[in-house]
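The values are calculated or read from the model by the stated rules, or taken from the named source; none is laboratory data. Owing to the predicted nature of the structure, the values given are computational and were not obtained by experimental measurement. Note: ideal-geometry Cβ built from the backbone for every residue, glycine included; neighbour counts use all protein chains shown.
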Amino acid sequence: MSQRLAEFIRGVRACRTAAEERALVAREAAALRTAFKEQDNAHRHRNVAKLMFMHMLGYPTHFGQMECLKLIAEESFADKRVGYLSLSLLLDERQEVLMLVTNSMKSDLTSKNHFVVGLSLCALGGVGSPEMCRDLASEVCRLLNSQSSYVRKKACLASVRIVKKAPDVTEQFLGAVPSLLNDRHHGVLIAGAQLALELCACEPKEYVPRIRKEVPTICRILNSLMGTGFASEHDVDGIPDPFLQVALLRLLRVLGEDDAEASEQMSDLLASVVSNTQGTGGGMKQAAYSILYECVRTIMSIKAASGLRVLAINTLGKFLGNRDNNIRYVSLSLLAQCVRVDIQAVQRHRSVVVECVKDADMSIRRRALELVYALVNETNASTLTKELLDYLHVADVEFKADLVEKLCQLVSMYAPSVAFYVDTVTEVMVEAGEHIKENAVRSLLAAVSASGDDSVYRHSCQALFTACWECYFGENRKTRTPGSLACATCWVLGEYGDVLDIGVAQANAKDFAAGGQVTASAAVALIEHIVENGRECSGALGFFASHYAITALAKLASRANLEGSLRGRVEAVLAKTKGSSILEVQARSVEFSELFRFNVARKAAFERMPAMEVANMATAPLEEVSVASADGGAAAVADLLGGADLLGDAGNGVGPAAPAAAIGGGADLLGDLLGGGGGDIGGMTAPASAPAAAPVDPLAALMGDSAPPPTATGLGGLLGSEFSAAPQMPVAMQPAASAMVKAFDKDGVSVTMNFSKAADGSVTVAASFGNATPSDLNSFALQVAVPKGITLEMRPASSSSIPAGSSGAVTQTMRLQREVMRPLALRIRVSYTVASTGAAVQEMSQVDASMLPAGL
Amino acid sequence: MIKCFIVVNNTGVPRLTKFYEHCTPERQQELVRNVFEALHSRADGLCNFVEDAKRFGKGVKLIYRHFATLYFAALVDENESELGILDLIHVFVETLDSCFENVCELDLVFNSGKAYAVLDEIIMAGAVIETSSQAVLRRVDEIARAERFGVGIAHAK
């Protein structure tokens, strides 16, 4: 004889350790198994109740599933109830056992007892599988007309489940909607509104117009609610049935969207809901706010007249003025909804929103930050970023990452000048350098590079140098300098240090006078310091600081105006770092010292990088990258390093660059900058780029006769070392695979797809369309099908017509996300009309896994 | 829709859980833990909504109320009205309170069957079905009577 449920629960509660509890539950589970095996009918009820308790605590209970079914089949109501309760708690729609219960449920649906019917409906609504839903749909539909309101409302919600799980049998429920919405009972009305909403969501095109006919009915219900025509039992704080009002307003929103006539029909009512609810007195209750909130949302979504919009926006003021945190949170949500419709109205509340970013409550802060992000434009960018920057100093750690990300995105899009951009991101790096994303740093450097303006270069050198120097030696020095800052400083000083005066030679970076003008000598001293201490930098980029530093030194020492004074010093550093314990630094030092023996090649190799073109990450995440052809050996190197593909991989910060002059060290730096470390080269498996074996040849050719064998080896080593360096990369730096595939090519029309895999496993596909025919192509459409388990997200194409003789002029991006790791495959349908003849063409094609590299 | 309703105490032990969307038992336990962690770290007096894409998924909101030793929490999608759910939790607790006369944690532990009956009358299939605490009480009483006297009791109106 087993113990009683209460005793068991008491026993579990008395356990002092988790181990004790586990042992007790295991003992009880064993007893239950035995009882189940012995068909202990007398205690089944109690045993299943114990199972539910165990399940809630997280212990396995699958062995008792059959017992639930047996209880359901019992005649006694008490047994049935426990049976159905355990069914909805212990089982779920994926379990095959569930199929066995369909018959019991079907007979219970026809029971004379309304509570039995209710239990069955409730279980169907909770765990009904698609098959069950299909089998029981007609029964449930019949119950929608039941005499009992209790059954009607439960049948409504069971229907919601059926509509969700088995969309093919929904038609019959549509007919019941009008009578449900005319029901006198409050619960049936709420449930009926939810059923109508679900039907709308299931077949928007077909069902919404049919349900739209009910708009006058819905308006009438709302009207009578306001006139307190309904039972006061459902009132909350004196507001008549807020739950029903909210449900109906939501239904109106779906029905009024994009339909002028329905919008017109409901607009008077919406206005009176707003004024009535507001009129309930000065201290509005939460329930009143929830109605207003829903009502304003509806007004903003439908095709409302401007007067109504003004009314809705004015109520926003009332929300924002409230001191209650819940209301403030909701009002921020509401503003976020309004931004899409009427940004000017929301701008008026900007200062309140900015205050909310500094709120003590994380939920409110996050909401407000998103809203600020939506509100920023060119005119208010500098004030808003200033506010956010000030706040960054005091923000708590868990919020910093969000804030930093948004700040960087904001300035990258709206900074009034590059100098402002540099100053802002520099401050962000100083303040929260370990939170800054790599691509944010890349975007900054790309923007500096793209400016092509010496004064910007000088400003950037000064700003970054000062910030970095302060981190090392300033009054408020940091224990660890942010790696992002160190990398960015080295890169900018290395590239553009030649715009600085040479200044007085400095033996030690410490000697620099705080706040002074940066000189090339001071820059070299600081970079030397970073070479020596790069390892101590913080953040994901900290690892790379010394790599960037060593390259920067070599670059500086090769500039015409600096070479005289710096070359000796840099060569001394290189000689020292040849013995560095950091493999990458050691390898580069060896290579660079070799290069220093060949003046011509070295100068070309360490030239400034060509200005990068900035692709705004918000508007164009991925673009088809075209490789500008370069002359001679340079092209070979560019090709070899796959400059274009690297950019494609990076995919977020920097768009197409012109790798024309990307030679040797320069290209290397490019790879570094864009790929976050040479590891990308190791990851280049794409057929489009040169095979990995190629490196030595073109480089040797580039070096020409002047290059003795050791140099070539050295340079080969440069690439070789990239491979060996790859395993050390932190996970976030894992190289992404990519591939360029000709997905479709027929009659001069082609679709080229550039696959690139992001660190999170998703694959971004940039398709570009080529048209080699003499005629323009109109209404060009690309359709893509993917196998099960892969979800596809397509952006609109940049244009639907493709000009004659163009290649890559029109692009389209899509994103593939795999739920399970399986090979990618795409089926493609291309349709277009030929402009000159008017002929419509439709073609199919396929991209198999075999066409893609294994890494994808 | 309401994805799940969870009652968890101040030490993280679940007292009542109901999931309206398919969820493996492991995921259920994980969600309970996540809810508790998210709520436990929140000070009093903050707003009653938490968004945390990492813990609960994108677009899912945690709406909760804290009463004595228990957190009552619901995870909902974007379509639900936050303030509405907050009121709903209030209705649930109010009903439990009249059901058990000053409800406390132990009532839920030892009478979970009744607590679930109350919940099932208020939320069904992830949607609100009844919001009047008196109406719910009447039904729960009738159900209790039906359990005691067997099938064949007065029909609900």
Inset, instruction - Tell me, yes or no, whether segment B:49-72 has at least one residue that is over 26 Å from A:R10 (Cβ atoms), facing chain A (nearest Cβ under 8 Å) and modelled with pLDDT of 90 or more. - result: yes
Legend entry - In segment A:158-188, the residues that are within 11 Å of chain B (Cβ to nearest Cβ) and either among the β-branched types (V, I, T) or under 39 Å from the mean Cα position of the chain (by Cα) (or both): A:A158, A:S159, A:V160, A:R161, A:I162, A:V163, A:K164, A:K165, A:G187, A:V188
Inset, instruction - Having 3 or more residues that are within 12 Å of chain B (Cβ to nearest Cβ) is the bar; report the helices (runs of 4 or more DSSP H) wholly within segment A:1-98 that clear it. - result: A:5-14, A:44-56, A:77-90
Inset, instruction - Tell me which residues, restricted to segment A:130-142, are in contact with a Ser or Thr (Cβ under 9 Å, 6 or more places away or on another chain) and within 14 Å of chain B (Cβ to nearest Cβ). - result: A:M132, A:L136, A:V140
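Every residue, every condition in (1) hydroxyl-bearing (S, T, Y); (2) over 24 Å from A:R366 (Cβ atoms); (3) modelled with pLDDT of 90 or more, yes or no:
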site: B:P14; (1), (2), (3): no, yes, yes
site: B:V32; (1), (2), (3): no, no, yes
site: B:F36; (1), (2), (3): no, no, yes
site: B:D44; (1), (2), (3): no, no, no
Inset, instruction - Would you be able to tell me the number of residues in segment A:285-319 that are more than 15 Å from A:R250 (Cβ to Cβ) and surrounded by 19 or more Cβ atoms within 10 Å (Cβ to Cβ)? - result: 12
Inset, instruction - Determine whether segment A:32-49 contains at least one residue that is under 21 Å from B:P25 (Cβ atoms), under 44 Å from the mean Cα position of the chain (by Cα) and crowded, with 18+ Cβ neighbours inside 10 Å. - result: yes
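Could you tell me which of the residues B:L46, B:L16 is assigned to a loop (DSSP other than H, G, I, E, B) and within 8 Å of another protein chain (Cβ to nearest Cβ)?
After ruling out the rest, the residue left standing is B:L46.
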Inset, instruction - Within segment B:73-84, track down each residue that is touching a strand residue (DSSP E or B) at 6+ places or on another chain (Cβ under 6 Å) and either over 17 Å from B:I6 (Cβ atoms) or at the interface with chain A (Cβ under 9 Å from one of its Cβ atoms) (or both). - result: B:E82
Inset, instruction - With the checklist (1) without any contact (Cβ under 8 Å) to a residue 24 or more places away in the chain; (2) in a strand (DSSP E or B); (3) loosely packed, with under 13 Cβ neighbours inside 10 Å; (4) of a type in the set (D, E, K, R) in hand, flag the one item A:K788 doesn't pass. - result: (2)
Inset, instruction - Of the numbered conditions (1) surrounded by 12 or more Cβ atoms within 10 Å (Cβ to Cβ); (2) farther than 22 Å from A:R81 by Cα, A:A18 fails exactly one; give the number of that condition. - result: (1)
Legend entry - Counted residues, segment B:103-137 - those being more than 10 Å from chain A (Cβ to nearest Cβ), without any contact (Cβ under 8 Å) to a residue 60 or more places away in the chain and either within 12 Å of the chain's Cα centre (by Cα) or surrounded by fewer than 16 Cβ atoms within 10 Å (Cβ to Cβ) (or both): 3
Legend entry - Those residues of segment A:577-591 which are of a type outside the set (S, T, N, Q), in contact with a Ser or Thr (Cβ under 8 Å, 6 or more places away or on another chain) and either in a helix (DSSP H, G or I) or not assigned by TED's automatic domain parsing to the domain that holds A:S521 (or both), in sequence order: A:L583, A:E584, A:V585, A:A587, A:R588
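Which of the residues spanning segment A:359-394 are within 14 Å of another protein chain (Cβ to nearest Cβ) and either surrounded by 15 or more Cβ atoms within 10 Å (Cβ to Cβ) or closer than 22 Å to A:E427 by Cα (or both)? Steps first, answer last, please.
The initial filter retains those residues of segment A:359-394 that are within 14 Å of another protein chain (Cβ to nearest Cβ), namely A:359-371.
Once the filter is applied, which keeps residues that are within 14 Å of another protein chain (Cβ to nearest Cβ) and either surrounded by 15 or more Cβ atoms within 10 Å (Cβ to Cβ) or closer than 22 Å to A:E427 by Cα (or both), segment A:359-394 yields A:D359, A:D361, A:M362, A:S363, A:I364, A:R365, A:R366, A:R367, A:A368, A:L369, A:E370, A:L371.
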Inset, instruction - Need at least 2 residues that are within 11 Å of chain B (Cβ to nearest Cβ) and without any contact (Cβ under 8 Å) to a residue 60 or more places away in the chain per element, so show me which helices (runs of 4 or more DSSP H) inside segment A:237-349 make the cut, counting only ones lying wholly within it. - result: A:242-256, A:286-301, A:325-339
Legend entry - Given (1) at pLDDT below 90; (2) of a type in the set (D, E); (3) assigned to a helix (DSSP H, G or I), number of the condition B:D87 does not satisfy: (1)
Inset, instruction - Determine if segment A:214-236 includes at least one residue that is within 13 Å of another protein chain (Cβ to nearest Cβ) and under 38 Å from the mean Cα position of the chain (by Cα). - result: no
Legend entry - Filter result (surrounded by fewer than 19 Cβ atoms within 10 Å (Cβ to Cβ) and touching a helix residue (DSSP H, G or I) at 6+ places or on another chain (Cβ under 8 Å)) within segment A:77-107: A:E93, A:Q95, A:V97, A:M99, A:L100, A:T102, A:K106
Inset, instruction - Answer yes if at least one residue in segment A:129-147 is of a type in the set (S, T, Y), surrounded by fewer than 19 Cβ atoms within 10 Å (Cβ to Cβ) and closer than 22 Å to B:I123 by Cα, and no otherwise. - result: yes
Legend entry - All positions within segment B:27-43 that are more than 12 Å from chain A (Cβ to nearest Cβ) and either surrounded by fewer than 18 Cβ atoms within 10 Å (Cβ to Cβ) or in contact with a helix residue (DSSP H, G or I) (Cβ under 7 Å, 6 or more places away or on another chain) (or both): B:N34, B:E37, B:H40
Legend entry - Pair list, Cβ < 6 Å and 6+ apart or interchain, from segment A:564-576 residues that are in contact (Cβ under 8 Å) with a residue 12 or more places away in the chain and in the same structural domain as A:G494 (by TED's automatic domain parsing) to residues that are β-branched (V, I, T) and crowded, with 22+ Cβ neighbours inside 10 Å: A:L566/A:V524
Inset, instruction - Among what's in segment A:493-506 and is of a type in the set (A, V, I, L, M, F, W, C) and more than 12 Å from A:T551 (Cβ to Cβ), pick the residue that is surrounded by the fewest Cβ atoms within 10 Å (Cβ to Cβ). - result: A:V504
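Quick one: in segment A:75-86, of everything that is touching a His at 6+ places or on another chain (Cβ under 9 Å) and touching a residue at least 12 places away in the same chain (Cβ under 8 Å), which residue is nearest to A:V101 (Cα to Cα)?
Among residues in segment A:75-86 that are touching a His at 6+ places or on another chain (Cβ under 9 Å) and touching a residue at least 12 places away in the same chain (Cβ under 8 Å), the one nearest to A:V101 (Cα to Cα) is A:G83.
Among the residues of segment A:370-380, are any among the polar types (S, T, N, Q), farther than 29 Å from B:A43 by Cα and under 25 Å from the mean Cα position of the chain (by Cα)?
Checked against the condition, which is being among the polar types (S, T, N, Q), farther than 29 Å from B:A43 by Cα and under 25 Å from the mean Cα position of the chain (by Cα), segment A:370-380 yields at least one hit.
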